[in-house]
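Single-structure report; data block below.
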Amino acid sequence: MTSRLPFPAFPDGSRTDLRCPAGRAAARQSERLRLSGEKRRHAGCNLAAFAGRILQRDATFVSLRLPTRQMREGRFPLLDRAAVMTIPPIVLLIGATTLIRILFAATTGLGVDESYMVAAGRVLSLGYFDHPPAAWWLSWGAAHLFGSEHPVVVRLPFILLFAVSQLLVWRIGCLVANPRAGFWAAVALNLSPVFGITTGSWVLPDGPLDAALLGAALCLVQALPARERARGDSGWGDRAQGDHAQGDHAPGDHAPGDHAWGWWLGAGLCAGLAVFSKYTAVLTIAGAGLYLLSSRTHRRWLAHPAPYAAALVALLVFSPVLVWNATHHWASFAFQGDRAMGLRFRPFAPVATLAGEALFVLPWIWLPMMLLFAGAFRRGAPWTHHLLAWLAAPPIVLFALVSAWSSQRVLFHWAAPGYLMLFPLLGETIARHLDRRWVRRMIVFTAALELAAVATIALQMQFDWLGGSLAAVMRKDPTDEGLDWRSVRQDLDARGLLLPGGLAAAMNWRDAGKLGYALGPQTTMLCLNRDSRQFGFADPAGRFYGRDAVVLLADPSGRSVDEARRWFDSVDVLPDAAVRLDGRVLRTVRVLRGHGLHAPQ
């Protein structure tokens, strides 16, 4: 029989006597150090392998070996030589597209609506005339945080919010179908111009609106019974095919339902933020209510206090807008409500509206989306498909119908939140047919087309490489609308017409936005028009009666000059200024000196 040696060897070759207490303590310490070293050597490899197994179960990944040479030479003892780090494609997608949007934002000026929101939003308020405060606060906060109103600065919150929107639509796709569907839903979201370009990078209410609506949709999917979601129940009493079909359970009767309150309150918070961004969010929220009413399985939530608590949270988030409207004669509500009014009937207007929406979304994205939208209502479809279809239905259907009688033009992007809810379904379809060559080619073609469009716009704004050729193929050259009119400020500064705290005025809110943004926050911009929008609340003309102002007419017609004379005791005509790009004059701006501002006569 072999006996244990009383003098074990240590790593350095020395030995100790285990028969004495000091020797045994030294041996235990040596063993602890040896085990600790082994754990350190393998911790990185084990952690990477474990994370890889978990992530590969939930998403598709691109493998990157990092960093191979150093690892082969053993410079990184925490990582095994064969360790492979995996990065989810959704992270790569979000990172790459966010970088592109930042470059695009840095190389293009603010559009008409963007300039208006930044210039008129310099005065912080609980509410605003056109829209609720979210977008106004974001641009105001970014400008004050960085001390600049550069386009990339004021656009940055909206770019980051679109990154959040991509993550949310991916997650919804994972829950509705699978991770591949979520990834391709995010890809399709980027490829649609109304989302990938305008919502994703411009200073508009749609940025926070879309992120909040997707957050509310995700919370709603999680709040509803998990067992019913796992079994693929249609929500209309029909059971879809699934491997985990189970019996009906009331809310809270299953383990995930223990957290339903948190998801419902999250849905209420996101719904409140959505309405705090744009009033049309109530249509999507109404779609959630219609789903609950129509769902035989989930209708029981109407007898549960959680949805009503969520509604209360949403109302509390929206309450500052109610306070502002109540103290301003409900001006914002009246303005938006008037857009749906009218006495004429145009039976073909809904068709034109849907066609315009298809153009904004892209026809080859819009058509399969609408087919999926209609198919989601069929009996036997998964309940998540029914839910997303109901969330999408009110904006898409209502705005098409309103266009038939409204006296005002229905803008095509108003229904965008409805199409937003259909991207998870589109992503599922793309993932299922990705083996077809024409599908892959269409994705590559659309991505190339959008990148080419973005690059063309950016190059035109920087170098005017197209010159005046756009005016030959379009009714007018749109370059000046995407350019910041800083050359006007340079002309006025050179003449000493702009003093700190001075007044400038324009004759409509569009020109006031472009000119006010170009002149900067040190000049107060007035809009001398009955339709002055937010300018009439931020800096009402009546507050400055009796003062002189520099009047800028971006449309220098005789009628504009006569209109300006109605607001002043006397008017001096000064040399014109110009909007220039690389030496080319894009627009002439008439400059007037108005003395003694008063109410129009």
Complete set of residues in region 486-502 that are among the hydrophobic types (A, V, I, L, M, F, W, C) and open to solvent by 10 Å² or more (accessible area, probe 1.4 Å): 494, 497, 498, 499
Against the condition part of a helix (DSSP H, G or I), open to solvent by 50 Å² or more (accessible area, probe 1.4 Å), assigned by the TED database to the domain that holds residue 399 and at pLDDT 95 or above, how does residue 323 come out, does it pass? yes
Considering every residue within region 350-365, establish whether at least one is among the charged types (D, E, K, R) and part of a loop (DSSP other than H, G, I, E, B). no
Just need a number here: residues in region 135-156 that are closer than 19 Å to residue 194 by Cβ and of a type outside the set (Lys, Arg). 1
With 591, 585, 551, 573 as the choices, which residue is touching a helix residue (DSSP H, G or I) at 6+ places or on another chain (Cβ under 7 Å), β-branched (Val, Ile, Thr) and either open to solvent by 50 Å² or more (accessible area, probe 1.4 Å) or not in a loop (DSSP other than H, G, I, E, B) (or both)? 551
Just to be sure I understand, how many residues within region 289-346 are farther than 21 Å from residue 395 by Cβ and of a type in the set (D, E, K, R)? 4
List every residue pair whose Cβ atoms lie under 6 Å apart, where the two residues are 6 or more positions apart in sequence or sit on different chains, the first residue falls within region 405-422 and is closer than 15 Å to residue 217 by Cα, and the second residue, located anywhere, is hydroxyl-bearing (Ser, Thr, Tyr) and in a helix (DSSP H, G or I). 417/284
So how many residues does region 441-452 have that are free of Cβ contacts under 8 Å to residues at least 40 places away in the same chain and either within 16 Å of residue 201 (Cβ to Cβ) or open to solvent by less than 40 Å² (accessible area, probe 1.4 Å) (or both)? 0
Within the bounds of region 516-527, is there any residue that is at pLDDT 95 or above, of a type in the set (A, V, I, L, M, F, W, C), assigned by the TED database to the domain that holds residue 571 and touching a Leu at 6+ places or on another chain (Cβ under 6 Å)? no
Given the conditions (1) closer than 16 Å to residue 112 by Cα; (2) open to solvent by 20 Å² or more (accessible area, probe 1.4 Å), and given that residue 466 satisfies all but one, which numbered condition is not satisfied? (1)
(1) crowded, with 19+ Cβ neighbours inside 10 Å; (2) within 25 Å of residue 393 (Cα to Cα); (3) touching a Leu at 6+ places or on another chain (Cβ under 9 Å): which one isn't true of residue 279, the others all being true? (3)
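The values are calculated or read from the model by the stated rules, or taken from the named source; none is laboratory data. These figures come from a predicted structure and were not determined experimentally. Positions of Cβ are generated from backbone atoms using ideal geometry, with glycine treated the same way; all protein chains shown enter the neighbour counts. Just so you know, the surface numbers come from the protein's heavy atoms only, side chains and all, with ligands and any DNA or RNA stripped out. Shrake-Rupley method; radii C 1.70, N 1.55, O 1.52, S 1.80 Å.
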